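For reference, the structure discussed in these notes is given below.
Please treat every number below as a calculation from the coordinates, not as lab data. Just so it is clear, the model here is predicted, and its values are computed rather than measured. Counting neighbours? That spans all protein chains shown, and the Cβs are built from the backbone with ideal geometry, glycine included.
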Amino acid sequence: MKRRFTYYFLSCFIWFSLDSCVDNEDISAPPKSALSVDKTSGLVDNTEFTFTVTQVSSQATSLYPYGANEPGFLVTNFANGQAVVKFKYAKPGTFNAVVKTNNHSSDGKVVENKISDPVTVNITSDLSAITAFSFKNSTKTTITETPAKTIVVVVPYGVDVTKLKAIYTASGFSKVTVGGVEQISDSTVNNFSSPKAYVVTANNGTASSTYTVTVNVTPAEHIYTFKSITPKAVSTSAKNKILGVGIDSVAKTIVIYDTLGTPSTQFDSIRFGYQLKSQFAILKYGAKVLKQDSLLNLKAVSKQVVLYPQDTAVVGTAGPQTYTIKTTVAPKFQISFPLNPVVQGKTTDFNIKLNVLKGTTTGSIPTNYTITFPSASVTLVNIKANGVLFTDGAIVNYTKPVTFEITVNDPAVGIYVVTYTATVTVLP
């Protein structure tokens, strides 16, 4: 007896490790349900099908629209012995839809299924469109559907259009060809030196669309000049002072200036920041591209930088342009109002700030000026106020800050422009 008990115990232990020592429930196969559908063909994501499932005695009833081996879903909305299920297919193909009924043990390990007779549904797609088109280095794409289907792609100057891989999005399950050759997005190489016809054939094989793809290359930049230069003196005495600058694109000179009386040692450590008007131009110092805020020693010595266009071989460009950077101290410019007493005035570097009495009409103030030159050899060429030639005693509108541009001729550095900004405030 003891041996029989031990044998049973060991057998049970081994079985428990594999499954369970509890006897399986006696699970019977359920009846087979019936399935019908209102139509047997339709379009992807468009046609709605109505399936009718007959209720039978089972623990679960599931509809498998794509077939018995594809994912399905439970059917629970039975009424009067039937359930109606609305469904749209998401992919094309010929599918044998079925209903599975099943009974299962309480632990779910034993299942008995019955599969209904199938109903065959044929799904196709009639979509044949391209919704996105580009290249890895393209900058703009325009897709036009009417009156003609066209795609225009813009690529940067210098791109080899004879070897481009198109990255596109076409209608699902469609086939895309060029000259009869099937295309693969981001893989197939084509020569776009002339327009290419992309034919998109729908899944149903009857509907198709032809898109004419044209690639335009951005012309090389012909303009390559300075947009701005922001020099900063970073020597111990300067304390990160922003300096003035005059750019002469004709004489190819860059004159960096500081206030009158500044010692030449102020220019021994200059951070040279700049912006170019053209996107692809390059500024070099020596043989290397001049990095932003490069440190230059401009104390009593000039430097040369070379401005290169996008492509020196392009017709219409003058080739590399050499600019000479020079430093100097600028004339001191002062203004006064003979008819409107200035209560308080202050000039900081190249900013003039003046306070006038209450009631002063800032829109028309007669203005006098004085200039102190750094040496007798430096002479005045002209003065402009907000871009208009200015003479001593002229009326100026100070409702907004006024920019005075003083053009001087300095034999040591050439002709350059000194800019002062004047702001007038009426006291309350």
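One Cα centroid belongs to the range 315-385, the other to the range 223-267; the line between them spans 16 Å. Most fluctuating residue of I282, I365, I151 in a GNM of the chain with Cα springs under 10 Å: which is it? Of I282, I365, I151, the Gaussian network model singles out I365 as fluctuating most. Here the Gaussian network model covers the chain, with springs between Cα atoms less than 10 Å apart; of F337, F135, F280, F337 fluctuates the most.
Please label the shape of the range 105-261 as rounded, prolate or oblate, based on the square roots a ≥ b ≥ c of the eigenvalues of the alpha-carbon gyration tensor (a/c under 1.5 means rounded; beyond that, a/b larger than b/c means prolate, else oblate). Can you show the working numbers first?
Details: a/c = 4.97, a/b = 2.10, b/c = 2.37.
Judged from the Cα gyration tensor, the range 105-261 comes out oblate (a/c at least 1.5, b/c at or above a/b).
Shown here for the range 131-226: trypsin sites (Lys or Arg not before Pro) in loop regions (DSSP other than H, G, I, E, B) with at most 16 other Cβ atoms within 10 Å, namely K136, K163.
For the range 35-124, what class follows from the C-alpha gyration tensor (a ≥ b ≥ c being the square roots of its eigenvalues): rounded when a/c is under 1.5, otherwise prolate if a/b is larger than b/c, else oblate?
Details: a/c = 2.44, a/b = 1.69, b/c = 1.44.
Cα axes put the range 35-124 in the prolate bin.
Between 0 and 90 degrees, rounded to the nearest ten: what's the tilt of helix 2-18 against the longest Cα principal axis of the chain? Long axis of 2-18 versus the principal axis of the chain: about 40 degrees.
Could you work out the relative contact order of the range 332-426? I mean the mean sequence separation of Cα pairs under 8 Å and 6+ apart, divided by the number of residues, in percent.
Values: 200 pairs, mean separation 29.5, N = 95.
In percent, rounded to a whole number, it is 31.
With the convex hull built on the Cα atoms of the chain, state its orientation-averaged projected area in nm².
Details: hull surface 188.8 nm².
Averaged projected hull area, Cα only: 47.2 nm².
Helical runs assigned H by DSSP (4 residues or longer) give the chain a calculated mean residue ellipticity at 222 nm of -1500 deg cm²/dmol, each run adding -39500 (n - 2.57) before division by the residue total.
Taking the centroid of alpha carbons for each part, the range 156-199 and the range 60-133 are 38 Å apart. Please identify which residues in the range 76-101 have an amide N closer than 17 Å to a label point set 7 Å out from the Cα of D117, following the Cα→Cβ vector. Label zone hits: 96-101. Hydrodynamic radius of the range 92-140 by the Kirkwood approach over all distinct alpha-carbon pairs: 15.8 Å.
The eigenvalues of the Cα gyration tensor, multiplied by 5 and square-rooted, give the range 226-327 an equivalent ellipsoid with semi-axes of 27, 13, 11 Å from largest to smallest.
Lysine pairs in the range 19-131 whose alpha-carbon atoms fall under 13 angstrom of each other, counting only those eight or more residues apart or on distinct chains, come to 5.
For K91 and T218, the difference between the fully extended length at 0.36 nm per residue and the C-alpha to C-alpha distance is 41.6 nm. Once label points are set 7 Å from the Cα along Cα→Cβ at both D45 and S187, what is their separation, rounded to one decimal in nm? Here the modelled spin labels are 2.2 nm apart.
Hey, how much of the P(r) for the range 28-72 falls beyond 16 Å, as a percent of Cα pairs? Show your work: numbers first, answer last.
Details: 502 of 990 pairs.
Above the 16 Å cut-off, the range 28-72 has 51 percent of its Cα pairs.
Computed extension length for K136-L295: 53.6 nm, one decimal, from 0.36 nm per residue of separation with the Cα-Cα distance subtracted. Of the chymotrypsin sites (Phe, Trp or Tyr not before Pro) in the range 70-118, the ones in a loop by DSSP (not H, G, I, E or B) with at most 15 other beta carbons within 10 Å are F78.
Which of the pairs K140/K291; K288/K326; K136/K288; K149/K196 have their Cα atoms more than 18 Å apart in this structure? Walk me through the numbers before you get to the answer.
Values: K140/K291 29 Å; K288/K326 20 Å; K136/K288 29 Å; K149/K196 12 Å.
Over 18 Å apart, Cα to Cα: K140/K291; K288/K326; K136/K288.
When DSSP beta bridges are limited to those with both residues in the range 195-247, what percentage is antiparallel, rounded to the nearest 5? Restricted to the range 195-247, the bridges split so that about 100 percent are antiparallel. With the simple spin-label model, which puts each label point 7 Å out from Cα in the Cβ direction, the S264 to I27 separation comes to 10.0 nm.
Can you give the extra length, in nm with one decimal, that the chain gains between S336 and S57 once fully stretched, where that is 0.36 nm per residue apart less the Cα-Cα distance? Mind showing how you got there, number by number?
On the way: separation 279, 0.36 × 279 = 100.44 nm, distance 10.53 nm.
Net length gain for the segment: 89.9 nm.
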